[in-house]
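Right, one structure below, let's go through it.
The values are calculated or read from the model by the stated rules, or taken from the named source; none is laboratory data. Nothing here was measured: the structure is a model prediction, and the numbers come from that model. So basically every Cβ, Gly included, is an ideal-geometry build from the backbone, and we count neighbours across all protein chains shown. These area figures cover heavy atoms from the full protein model, side chains too; ligands, DNA and RNA do not enter into them. Shrake-Rupley method; radii C 1.70, N 1.55, O 1.52, S 1.80 Å.
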Amino acid sequence: MDEVSLSREAGLWKRGVLWLLLLAPLFFASYGFANWLSAQRDDVGTLVFAWESRIPLWPWSIVPYWSIDLLYGLSFLLPATRREMDRHGLRLLSVQVLCIACFLLWPLRFTFERPELDGLFGGMFDVLMGFDKPFNQAPSLHIALLVVLWACFARHASGLWRTAVHGWFLLIGVSVLTTWQHHFIDVPTGVLVGWLCVWLWPLQGRSPLLAWRLTRDLQRLRLGLRYSLGAALLSALAVNLGSAWLWLLWPAFSLLLVALNYLLFGAAGFQKAADGRLSNAATWLLAPYLAAAWLNSRLWTRSHPHADEVEPGIWLGRIPAPGQAEQFQAQLDLCAELPARAQAKAYHALPLLDLSVPSSAACLEAAQAIETLRTHGSLLVYCALGYSRSATAVAAWLLHSGRCRDVAEALAHLRRARPQVVLSDAHQHALQGMLELSNSMPAGAAAHGY
């Protein structure tokens, strides 16, 4: 989970109250309006699988179902900083906006008829149905809010409390089905929206909504369009074939997000932290792509899985598997799209996009990082395959440190140690630009590490 401040800023409860005063009326007004409008329409569809008729009705599960309202309010007591409070509020606001937009664009109707229930649980159902209607199913607003609240509570819980938090929130997730409030399709789509809103408003770094910039790099544009085409193809298969093929919407969205990273957000869109882990939101949203990227890295390097020593103590290789990284005292991680375990004494992440050419400034930053990290002992410089991004970084260091006089000599030096290295003319041009940039800097600045 994301790290939070150990000390709580003063006056946060007032900020939390202000967020509640904004969100609570918006929730009831927008959700009620969407319900009312859907009830007036005659084009409200359904999406239900035959096996869902076997889902039991558990009247007692209305208790965890209702409890999300209490947890919603209590969640504003947890943030320790104004930034965390505002990011939490923005996540909840984004969930509301996205879900209501989906309800208005393609409303769905719940089809099961719930029998009459009596007693305490029956009374709770009656109160619920006085406000809720059998419309506005996918994505489940209940589930999307659950994801945001779950992330908030789990971040502030530890030990047995953390276990209890996970157990209760899991029960809430199950309750949307066992109260016969939602069909199954509403659950994964709600999870997707919830994690998307967490990704949009990270606790560390800028929001992708505030940091996007259309790339001018032709290679990134081509890759972004290819990933977009893949997303469109998978979406078309899911929509036209239906049934279990709907699961293709997950890898479709994953590829779409990767496309947006290449086109707009850059390496920051993968949300790789200083410890090498991807954010929980990025991990969930990109899971199909991450699995494919890891498998691809292993297939391409199956005949050459080990790292190669380019200079004494400087090793170049692929992203290490568990057990491979312990032999190195330091690591420079250049892989934006795959998580890493910072097992070395000194670890530094400098995420770069796969199959794209780093800027001359990024090459210089990598060279300076290598110069600093190598003081800790043997250093592994790696990316997914160890053939391009990491090779460019080591070549930059060879030039920056004066071990090689020009790009051609650095490339020849690399290929003697690791013949599989692939550096295009564009990579070599970036290295030449880095060399000129390094030479133009004052001596003290050029020697300064990361």
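Hydrophobic long helices, here whole DSSP H runs in the chain with Kyte-Doolittle means of at least 0.0 and Cα atoms spread over 30 Å or more along the helix axis, are found at 12-40, 82-105, 218-241. Protection proxy ranking, highest mean first, for peptides 187-196, 230-239: 187-196, 230-239, where packing is the per-residue count of other beta-carbon atoms within 10 Å, averaged. The residues Arg87, Arg302, sorted by heavy-atom accessible surface at 1.4 Å with ligands and nucleic acids left out, run Arg302, Arg87 from largest to smallest. Once both labels are positioned 7 Å from their Cα atoms along Cα-to-Cβ, the gap between Ala101 and Asn439 label points is 5.0 nm. With the highest mean first, a sort of the peptides 430-436, 31-37 on other beta-carbon atoms found within 10 angstrom per residue produces 430-436, 31-37.
Each peptide in 375-384, 71-80 receives the mean, over its residues, of other Cβ atoms within 10 Å, and ordering these scores from highest gives 375-384, 71-80. Largest GNM mean-square fluctuation among Gln327, Gln420, Gln271, using the chain with Cα springs under 10 Å: Gln327. Here is the size of the range 327-405 from its Cα atoms: Rg then Dmax, 11.7, 35 Å. If you compute Rg/Rh (Cα atoms, Kirkwood Rh) for the structure shown, which of (1) 0.96; (2) 1.05; (3) 1.00 do you land on? Only one listed value fits the structure, namely (2). Counting only DSSP beta bridges with both residues in the chain, the antiparallel share comes to about 25 percent. Here is the list for the range 70-159: GluC sites (Glu not before Pro) lying in DSSP coil, each with at most 15 other C-beta atoms within 10 angstrom of its C-beta, are Glu113, Glu116.
At a Förster distance of 30 Å, what's the computed FRET efficiency of Trp60 paired with Leu241, Cβ-Cβ distance as r, to 0.05?
Taking R0 as 30 Å, the efficiency between Trp60 and Leu241 is 0.20.
Inverting the pair-averaged 1/r between distinct Cα atoms of the range 279-331 gives 13.0 Å as its Kirkwood hydrodynamic radius. Taking each DSSP H run with n ≥ 4 as -39500 (n - 2.57) and averaging over every residue of the chain yields -18000 deg cm²/dmol at 222 nm.
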